[in-house]
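The values are calculated or read from the model by the stated rules, or taken from the named source; none is laboratory data. Just so you know, these numbers come straight off a predicted model, no measurement behind them. A quick note on method: Cβ atoms are made from the backbone with ideal geometry, for glycine too, and the neighbour counts reach across all protein chains shown.
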Amino acid sequence: MTGVGQLLLRHEGNPILTASQWPSTVNVVFNPGVCRLDDETVLLVRVEDRTGISHLCPARSADGLTNWVIEPESSLMPALDSEAERFGIEDPRITRCGDDYLIVYTGYSSGGPLVCLASTRDFRTYDRHGVLMPPEDKDAALFPRRFDGRWALIHRPVASTPRHTADIWLSWSPDLRHWGDHAVLLAQREGAWWDAHKVGLSAPPLLTSEGWLLLYHGVRVTAAGAIYRLGLALLDAEHPDRVVARSSEWVFGPEAPYERTGDVSQVVFSCGWLLGDDGDTLRIYYGAADTSVCVATASLAALLRWLADHAS
């Protein structure tokens, strides 16, 4: 069986983006969404200003690793005069549908985080499509295709119960406005499990020969604080409400110094991945310790084999 240490390889140039590279003074940069556009890798980076308010700024690179061109003038800024985004926006997940890039992101309202949608074709101008899910909800992404004419959204509401459960849900819509048939997709585990405190989607779902591969984050609260790690799950290709497999172990966790120490220590948090032209090489872009942007590479085939060997 493949060992975890061989699955995800950190880029030797990590972090690939830090606040010091920004044209203006900012606090931290992290948790980017990612896509390919015109033979470039585009990161839509969460930028937290020294006010504490976040916005989303594009950065472009020919090789997806170096020589980033940062474009503050093309940022998706929060609508601070709206209730949905009055405290900023964050953590975008990008799904390509034809010529459109659908950006599902978290808005911060006075009632807590909620799920918003915007779209673009160039990451220079954006169309806002409003709130998809009310507070408290986040960690959301759309599938890149419809199922029997309906859109499917993965998201993470927090239940208003004494346990405040934070599970991954799946919801359906005919028009990206009206949502229903809500159901739990992956529940947080209990006790000492690595994902016992809460779970949430990381990168958008990726269609593979085995089904939809999910990268998700799990949180375990310890005496020293919370640890954010990444795990895998697999959904049926035609029926994404059916979970085929879920990893019993985490596959990637904070180990490097830049992941262990930062604004929020002990965190690796991904909002996007890219599959290479060879159909096997995955680049996973992630935020490290809520402070910088990093990347790790993996073989898709190896991840699927590992998941089959470590399914719970």
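Quick notes on this one:
- Of the strands (runs of 3 or more DSSP E) lying entirely inside the stretch 99-149, those containing at least 2 residues that are without any contact (Cβ under 8 Å) to a residue 60 or more places away in the chain, surrounded by 14 or more Cβ atoms within 10 Å (Cβ to Cβ) and not aliphatic (A, V, I, L, M) span 100-109, 112-120, 127-133.
- Condition met for Val221 (crowded, with 21+ Cβ neighbours inside 10 Å and either touching a helix residue (DSSP H, G or I) at 6+ places or on another chain (Cβ under 9 Å) or assigned to a strand (DSSP E or B) (or both)): no
- Taken over the stretch 208-259, the residue count meeting the criterion of being aliphatic (A, V, I, L, M), under 25 Å from Val293 (Cα atoms) and modelled with pLDDT under 95 is 3.
- Across the stretch 225-265, the qualifying residues are those that are over 30 Å from Arg146 (Cβ atoms) and of a type in the set (Gly, Ala, Ser), and the one among them that is surrounded by the fewest Cβ atoms within 10 Å (Cβ to Cβ) is Gly225.
- Residue in the stretch 155-169 that is modelled with pLDDT of 95 or more and in contact with a His (Cβ under 8 Å, 6 or more places away or on another chain) present: yes
- Looking across the stretch 159-169, the residues that are of a type outside the set (Lys, Arg) and either surrounded by 19 or more Cβ atoms within 10 Å (Cβ to Cβ) or more than 17 Å from the chain's Cα centre (by Cα) (or both) come down to Ala159, Ser160, Thr161, Pro162, His164, Thr165, Ala166, Ile168, Trp169.
- Looking at the stretch 1-83, the strands (runs of 3 or more DSSP E) lying wholly inside it that each contain 2 or more residues that are modelled with pLDDT of 95 or more, among the hydroxyl-bearing types (Ser, Thr, Tyr) and farther than 20 Å from Phe252 by Cβ sit at 54-61.
- The sole residue among Val199, Val293, Val268 that is hydrophobic (A, V, I, L, M, F, W, C), part of a strand (DSSP E or B), crowded, with 17+ Cβ neighbours inside 10 Å and in contact with a helix residue (DSSP H, G or I) (Cβ under 8 Å, 6 or more places away or on another chain) is Val268.
- Some residue of the stretch 58-72 being among the polar types (S, T, N, Q) and crowded, with 19+ Cβ neighbours inside 10 Å: no
- Filter pass, Arg283 being in contact with a Lys or Arg (Cβ under 9 Å, 6 or more places away or on another chain), of a type in the set (Lys, Arg) and either closer than 26 Å to Ile103 by Cβ or touching a residue at least 24 places away in the same chain (Cβ under 8 Å) (or both): no
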